[in-house]
1. Residue by residue through region 14-60, note down the ones that are assigned to a helix (DSSP H, G or I), of a type in the set (D, E, K, R) and touching a helix residue (DSSP H, G or I) at 6+ places or on another chain (Cβ under 7 Å).
2. Looking at Leu103, Leu153, Leu82, Leu117, which is the one that is aliphatic (A, V, I, L, M) and under 29 Å from His58 (Cβ atoms)?
3. For region 38-56, check the following and say yes or no: at least one residue is within 22 Å of Arg179 (Cα to Cα) and polar (S, T, N, Q).
4. Can you go through Lys43, Lys55, Lys48 and tell me which one is farther than 20 Å from Pro163 by Cβ, surrounded by fewer than 19 Cβ atoms within 10 Å (Cβ to Cβ) and at pLDDT 95 or above?
5. Among Leu19, Leu6, which is the only one that is buried (at least 22 other Cβ atoms within 10 Å of the Cβ), closer than 19 Å to Gly76 by Cβ and under 17 Å from the mean Cα position of the chain (by Cα)?
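The values are calculated or read from the model by the stated rules, or taken from the named source; none is laboratory data. Keep in mind it's a predicted model, so treat the numbers as computed, not measured. Neighbour counts run over all protein chains shown; Cβ positions are idealised from the backbone, glycine included.
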Amino acid sequence: MTLSLLVAYRNRPLHLKCLLEWFTNTVHINPGIELILIESSPKPTLVKEPGKNIKYVHVQEDGNFNKARLLNIGLGYSVGKLVSSYDVDLVPVDLSFKKHLLLAEESEVLLVSGYRLNCGKEYINVEEIEQERLQAAICVKEECSESFLREQLVQGHRYGVIPLFNRERLIKAGAWDERFEGWGAEDKDVIERYLGGTRHLVRCPDLIYLHLNHEEAAGWNDLALTRKNDSLYYEKRALREIMIKEGQ
């Protein structure tokens, strides 16, 4: 396997249906890619083998959604040289990771990620992808805002859609920090720790992923959890800056 896509999710039946359909239909053009599904729920919702190059792991729980912990569990089942956190609500517009993999292999010091296009639908057929790409609005609104650009260009925050991590380097960097619960900051944190001071994030507009619509959910988008995550993220950033100044 070249690439392992780790999909941590809960209560997303239509998104999962879409994901399994496009992956199953394109496994012949993505032969070196495996899908690791990690479901957090009281009971498993998949009762049969999902398909070729797909692994399913059920984590029995009901509480705050801890994406970071689920991703670490999925990492233990993965075998790809490259790994990435793959949201259950994303669809690559060309149904292939060929360009993404080619760019990721160009340099050892680059972490390559893409962009997402917001789709107004919760589910799309494979045949609708090109039509939805043309109708989609590029990026989320925050990504085009002045504050978002300032975070990236001045404050050094790093975001990316489907960054392809070298598996061994990711493990050495500590993988995902399980203190993050719910939505936000765990992705920035792992990217920045992975990059350190010797690698660089590159976001490529040739790598486009459709982002399916979804509502907010308790235990995931709660404001209290988001604030807690932000606080932890800035605490860790401050500590890293101190260590850099001290030459550690």
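1. Residues of region 14-60 assigned to a helix (DSSP H, G or I): 14-25.
When the remaining residues are screened for being of a type in the set (D, E, K, R), the result is 17, 21.
If the condition is that a residue be assigned to a helix (DSSP H, G or I), of a type in the set (D, E, K, R) and touching a helix residue (DSSP H, G or I) at 6+ places or on another chain (Cβ under 7 Å), then Glu21 is the only one that fits.
2. Details: Leu103 fails: under 29 Å from His58 (Cβ atoms); Leu153 fails: under 29 Å from His58 (Cβ atoms); Leu117 fails: under 29 Å from His58 (Cβ atoms).
When all the criteria are applied, what remains is Leu82.
3. Initial filter on region 38-56 (within 22 Å of Arg179 (Cα to Cα)): 38-42.
Next, from what is left, pick out any that are polar (S, T, N, Q): 40-41.
Looking for residues that are within 22 Å of Arg179 (Cα to Cα) and polar (S, T, N, Q), one finds at least one in region 38-56, hence yes.
4. Values: Lys43 fails: at pLDDT 95 or above; Lys48 fails: at pLDDT 95 or above.
Unique residue meeting the criteria: Lys55.
5. Values: Leu19 fails: closer than 19 Å to Gly76 by Cβ.
On inspection, the qualifying residue turns out to be Leu6.
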